[in-house]
Amino acid sequence: MRRRNTMLAVALIAAAVLYFVYNQSGGYLSAKSAFAHSAYAGKSVVYERALGSDRVAILSNGSRSKAQIVHRKWGLLYEHGTSVEMAALPGRESVRYAWFSAGAGEADGKIGVVFAAESLDPAVKTVIISNDTLEHPANAADVKGASTVYVELEVGGKYAIAAKELGGKDVGSFVVRAADANGKILAGA
C-alpha cells in the first residue's frame, strides 16, 4: 500500500511539473507545436528550416506572411522568438522578404541575422539581399562585386531561409532585388 501511494505521489508531482513547464512557461515540446501556437491565427507553416538548435519558419495565410524563429530552451522545449511581417518587393509584389536578428553578443562580436524570402512569381528564381549602393545593376555579378554583404536566396521552390553571421557595421541598410535564373535583375533598387 505504501509503495502504491509513493508511486501515485511521484506521478502526480511529475504531471504537475509537466503541466507547469508545458502550459505556463511558454515552452512547447516540439517546434511544430510552438509554431502552431504562435500569435498568428489563421497562418500555417509553409516552409521551415533548422538553424542549429533553433527552427525558422515562414507562416502564411495566402495573402500575408511572417517569418518566425523558435529557440531551443533548456535543450528540451521550444519557445517563440523574433517574428517579422514579410514585406512586398516594390515592382514585384508577389515577391516578399524579411530579415531579423537571431541573436547577438556572440564571442567574436558577430550578430546572427536570418533572411527569409518567398516568390509566387515563376520568373523570379533568386532573391538577393546585399548592402551595395548601385542604382540599377544589370545582374547579380555586379551586385556581388559591389557588396560586403551578399545573400542569395534560391526561391525556385517558392520559399527560402538563410542565416549569416555579420559584424555590427554590416547589419542594416540592406537592398533587396529579384533576379531570374540567369542572374538578371528583374526588380528592386
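The values are calculated or read from the model by the stated rules, or taken from the named source; none is laboratory data. This is a predicted model, so every value here is computed, not measured. When we count neighbours, we look across all protein chains shown, and the Cβ atoms used for this are built from the backbone with ideal geometry, even at glycine. Only protein heavy atoms, including side chains, enter the accessible area calculation; ligands, DNA and RNA are left aside. Shrake-Rupley method; radii C 1.70, N 1.55, O 1.52, S 1.80 Å.
Quick one: is A102 modelled with pLDDT under 90, more than 19 Å from V45 (Cα to Cα) and not aromatic (F, W, Y)?
Spelling it out, it is not the case that A102 is modelled with pLDDT under 90, more than 19 Å from V45 (Cα to Cα) and not aromatic (F, W, Y).
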Task: Residue ID - nearest to the chain's Cα centre (by Cα), chosen from residues in the stretch 150-169 that are closer than 23 Å to N139 by Cα and open to solvent by less than 30 Å² (accessible area, probe 1.4 Å) - done: I161
Task: All positions within the stretch 15-41 that are at pLDDT below 65, small (G, A, S) and either open to solvent by 50 Å² or more (accessible area, probe 1.4 Å) or assigned to a strand (DSSP E or B) (or both) - done: A39, A41
Open item on the list: Here are the criteria: (1) open to solvent by 60 Å² or more (accessible area, probe 1.4 Å); (2) in contact with a Pro (Cβ under 6 Å, 6 or more places away or on another chain). Tell me which single one I185 does not satisfy.
Closed with: (1)
Task: Qualifying position, being at pLDDT below 85, more than 19 Å from the chain's Cα centre (by Cα) and among the basic types (K, R), among R72, R92 - done: R92
- [ ] Inspect all residues belonging to the stretch 104-114 and state whether any of them is open to solvent by 50 Å² or more (accessible area, probe 1.4 Å), touching a Lys or Arg at 6+ places or on another chain (Cβ under 9 Å), of a type outside the set (V, I, T) and free of Cβ contacts under 8 Å to residues at least 12 places away in the same chain.
- [x] yes
Open item on the list: Tell me which strands (runs of 3 or more DSSP E) are completely within the stretch 79-189 and hold 1 or more residues being within 19 Å of K66 (Cα to Cα), or say none if there are none.
Closed with: 87-89, 92-103, 111-119, 126-130, 150-154, 159-166, 175-179
TODO: Among the residues of the stretch 61-73, write down those that are in contact with a Lys or Arg (Cβ under 6 Å, 6 or more places away or on another chain) and open to solvent by less than 30 Å² (accessible area, probe 1.4 Å).
DONE: S65, V70
TODO: Would you mind stating whether L76 is under 19 Å from Y47 (Cα atoms), open to solvent by 20 Å² or more (accessible area, probe 1.4 Å) and of a type in the set (A, V, I, L, M)?
DONE: no
